[in-house]
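The values are calculated or read from the model by the stated rules, or taken from the named source; none is laboratory data. What you see is a predicted model, and the numbers here were worked out from it, not measured in a lab. In this analysis, Cβ positions are derived from the backbone assuming ideal geometry, glycine residues included, and neighbour counts consider all displayed protein chains. When the accessible area is computed, the model is the full protein with side chains, heavy atoms only, and any ligands, DNA or RNA have been set aside. Shrake-Rupley method; radii C 1.70, N 1.55, O 1.52, S 1.80 Å.
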Amino acid sequence: MERKELGQILVEKGIITPLQLEEALEEQKKSNKFLGEILVEKNFTSREAIIDALTEQKKADFVVLSRFKGLKKEIVKLIPEYVARRYTLIALTKENNTLTVAMKDPMDIVAIDAVRRITGLKIKVVKAEEKEILEFIERYYSEAEDIPETLAALEEIREEREEEVDVNQLKVAAEDAPIIRFVNSLFLKAVEKRATDIHLEPREKDVSVRFRIDGVLHNFQAPPKNAYPGIVTRLKILSNLDIGERRLPQDGRFKIKVGVREIDVRISTLPVIYGEKVVMRLLDKEQFVLSMEELGFEKEDLEKFKEALKKPYGMIIVTGPTGSGKTTTLYSGLSFINTPEKNIITIEDPVEYQIEGINQVQVKPKIGLTFPAVLRHLLRQDPDVIMIGEIRDLETAQIAIQASLTGHLVISTLHTNDTVSTISRLSYMGVEHYLVADSINLILSQRLVRKICERCKEEDKEGKKILEDMGIKTGKKKIYKGRGCSECEYTGYFGRTAIYEVLEVNRKIREMIIERKSEDEIKDAAKENGMKTLREAALKKVFDGITTVKEALGVTLL
């Protein structure tokens with residue numbers, strides 16, 4: 001009955017068709033998987049739609065653990081860790097003599113009996129996703145969760161003066177249990193809070209730890225200064241860096257596992273006045289968006305991008321500052337055209353995500369494997385599509401443009417403020433105007449804006465007044481903001497989306513580039529051709545109730 005009801009809900013909501021439900025039910029008979037899993041695997045619907053449908057399902061108690069607040073460690077540990085892992089379950093709440101347990105398989109009688117015997121309590125079973133249960137097991141059974149105890153233990157570590165420390169002492173410090181627990185807790189908390197970066201900064205008398213969440217840095221509980229060298233050494237050991245070198249910057253990478261999620265960590269160290277500053281970028285493959293429809297494109301801009309990707313040759317350039325999501329846009333574009341008929345090769349520094357069916361090269365300047373060096377050899381590899389992580393110099397630009405003019409589709413990034421300034425940037429590098437005009441098909445400029453938290457979303461009358469004072473007509477449309485709640489850490493924002501400025505280089509624009517027209521003239525011509533500026537794209541997100549006035553005005557210029 002449960003399976004049939006789930007299917008009925010999805011059909012009634014128009015999420016899947018009756019034929020798709022029938023196909024999934026047939027598959028379920030052979031595979032013994034949950035219906036929801038099969039529907040997602042077949043791309044009939046999304047994981048989020050399944051969760052919402054299960055939540056609506058009256059006869060099936062389904063818990064979304066990521067939305068579950070107030071879980072107490074003492075309740076979780078009523079069930080021993082080995083039992084939780086063996087049966088994929090976790091204790092949630094205890095009321096009187098009843099323990100509520102979230103399980104992967106609520107019909108597993110053996111598991112329920114085992115928990116009842118061990119706890120001596122009545123068991124109420126609810127269903128939860130396996131992936132979320134494993135993440136909660138990792139988080140709540142780990143010693144790293146005991147942050148106050150870990151910080152207290154770190155206080156007892158003796159501080160070593162820089163001139164006294166040798167490599168052996170650093171190794172010993174890095175293997176201290178409190179150091180290991182703190183480093184583990186750092187990653188667990190960062191993943192839990194959806195952080196993309198972790199910043200560790202030594203100061204004169206203390207240490208600063210900050211997480212970048214939705215593009216903004218937030219403070220996290222910091223360790224005592226005396227434990228900092230051991231923490232840095234522990235991170236260097238994990239990433240195979242030289243623990244004895246503290247005077248020069250170093251870069252490395254390693255992987256961590258949180259539940260069933262595998263996360264790549266890119267680490268960079270930088271010697272500053274009071275020690276080594278460490279920044280770590282967390283690359284979560286589970287959260288990586290490859291579907292262009294989910295990136296934030298407006299419909300007409302997405303069609304322009306897709307049409308440019310379908311062309312057999314020419315250049316597509318994506319621009320924007322560091323951290324604006326350019327790599328995600330590039331990878332999404334490559335995934336859209338990734339077929340067995342095409343030889344796609346990328347040159348990156350570094351390779352952030354691996355995509356099946358695409359040949360990815362990571363540059364290594366120390367051994368002479370630079371962007372221009374790889375590009376010269378790459379053209380002998382019979383490529384159809386070439387992706388260059390970034391055009392940094394004239395030589396790379398010239399080879400890329402030459403490739404785009406000789407039958408290859410070239411996709412790359414450039415650090416500029418908007419679409420039109422990309423033309424000027426290439427000219428300043430030394431590329432002839434006629435080559436720029438002949439080679440480029442499309443330029444995208446992008447930024448990321450924070451999305452309003454749906455849980456605490458409310459009308460923003462002040463924001464509406466700001467727009468009207470600027471001469472922007474809002475009519476009867478409501479403007480929204482986030483009030484701030486526990487779900488969004490009281491920021492009013494949860495997640496980010498991209499805004500795009502898309503410049504099609506048509507015949508008129510090509511002529512203007514060759515004639516060396518000014519940026520303003522080219523921009524006016526592009527707007528006449530239908531281009532929406534970044535400011536206009538941001539305001540569209542405001543009117544659609546996706547972001548706030550403050551955010552839109554903060555990331556774009558007139």
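So here's what we get for this one:
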quantity: Options 339, 346; residue that is assigned to a strand (DSSP E or B), more than 24 Å from residue 227 (Cβ to Cβ) and either hydroxyl-bearing (Ser, Thr, Tyr) or at pLDDT 95 or above (or both); calculated: 346
quantity: Search result, residues across region 535-558 that are under 19 Å from residue 324 (Cα atoms) and either hydroxyl-bearing (Ser, Thr, Tyr) or part of a loop (DSSP other than H, G, I, E, B) (or both); calculated: 546, 547, 548, 556, 557, 558
quantity: Test: residue in region 32-42 that is surrounded by 16 or more Cβ atoms within 10 Å (Cβ to Cβ), at pLDDT 75 or above, over 29 Å from residue 140 (Cα atoms) and not aliphatic (A, V, I, L, M); calculated: no
quantity: Residue, nearest to the chain's Cα centre (by Cα), within region 449-472, restricted to residues that are under 18 Å from residue 557 (Cα atoms) and not β-branched (Val, Ile, Thr); calculated: 450
quantity: Flag if residue 194 is within 30 Å of residue 485 (Cβ to Cβ) and at pLDDT 90 or above; calculated: no
quantity: Residues located in region 105-134, provided they are of a type in the set (A, V, I, L, M, F, W, C) and closer than 24 Å to residue 40 by Cα; calculated: 107, 126, 128, 133, 134
quantity: Subset of region 349-374 [part of a helix (DSSP H, G or I) and not basic (Lys, Arg)]; calculated: 365, 367, 371, 372, 373, 374
quantity: Some residue of region 256-266 being modelled with pLDDT of 90 or more, within 23 Å of residue 352 (Cα to Cα) and surrounded by fewer than 18 Cβ atoms within 10 Å (Cβ to Cβ); calculated: yes
quantity: Residue within region 352-371 that is small (Gly, Ala, Ser) and open to solvent by less than 40 Å² (accessible area, probe 1.4 Å) present; calculated: no
quantity: Residue under evaluation residue 314, criteria (1) open to solvent by 40 Å² or more (accessible area, probe 1.4 Å); (2) under 17 Å from residue 389 (Cα atoms); (3) not hydrophobic (A, V, I, L, M, F, W, C), criterion not met; calculated: (1)
quantity: Tally of residues being at pLDDT 85 or above and aromatic (Phe, Trp, Tyr) across region 115-148; calculated: 1
quantity: Unique match (being under 21 Å from residue 293 (Cβ atoms), assigned to a loop (DSSP other than H, G, I, E, B), modelled with pLDDT of 90 or more and more than 23 Å from the chain's Cα centre (by Cα)) among 532, 517; calculated: 532
quantity: Residue match in region 230-238 (condition: open to solvent by 20 Å² or more (accessible area, probe 1.4 Å) and either aliphatic (A, V, I, L, M) or free of Cβ contacts under 8 Å to residues at least 24 places away in the same chain (or both)); calculated: yes
quantity: Region 313-322 - residue that is assigned to a loop (DSSP other than H, G, I, E, B) and out of contact with any Gly (no Cβ under 7 Å at 6 or more places or on another chain) and, of those, modelled with the lowest pLDDT; calculated: 322
quantity: Count of residues meeting criterion [under 20 Å from residue 314 (Cα atoms) and open to solvent by 50 Å² or more (accessible area, probe 1.4 Å)] in region 507-527; calculated: 5
quantity: Per-region count, region 64-110, residues outside any helix (DSSP H, G or I), of a type in the set (D, E, K, R) and under 28 Å from the mean Cα position of the chain (by Cα); calculated: 2
quantity: Which numbered condition residue 272 misses (of (1) open to solvent by less than 30 Å² (accessible area, probe 1.4 Å); (2) aliphatic (A, V, I, L, M); (3) touching a residue at least 60 places away in the same chain (Cβ under 8 Å)); calculated: (1)
quantity: Selection from region 122-142 of residues that are buried (at least 19 other Cβ atoms within 10 Å of the Cβ) and either of a type in the set (Lys, Arg) or part of a loop (DSSP other than H, G, I, E, B) (or both); calculated: 127, 128, 129, 139
quantity: Members of region 375-396 that are open to solvent by less than 10 Å² (accessible area, probe 1.4 Å) and either under 23 Å from the mean Cα position of the chain (by Cα) or aliphatic (A, V, I, L, M) (or both); calculated: 375, 378, 385, 386, 387, 388, 391
quantity: Of all residues in region 483-492 being in a loop (DSSP other than H, G, I, E, B) and touching a residue at least 24 places away in the same chain (Cβ under 8 Å), the one that is farthest from residue 557 (Cα to Cα); calculated: 485
quantity: Residue match in region 288-300 (condition: open to solvent by 20 Å² or more (accessible area, probe 1.4 Å), within 29 Å of residue 261 (Cβ to Cβ) and at pLDDT 90 or above); calculated: yes
quantity: Residue match in region 204-214 (condition: in contact (Cβ under 8 Å) with a residue 40 or more places away in the chain, touching a strand residue (DSSP E or B) at 6+ places or on another chain (Cβ under 6 Å) and open to solvent by less than 40 Å² (accessible area, probe 1.4 Å)); calculated: yes
quantity: Cross-chain or 6+ apart pairs with Cβ under 6 Å, region 388-409 first and of a type in the set (Gly, Ala, Ser), then at pLDDT below 90 and assigned to a loop (DSSP other than H, G, I, E, B); calculated: 389/349
quantity: Test for residue 330: is it without any contact (Cβ under 8 Å) to a residue 60 or more places away in the chain, closer than 30 Å to residue 539 by Cβ, outside any loop (DSSP other than H, G, I, E, B) and of a type in the set (A, V, I, L, M); calculated: no
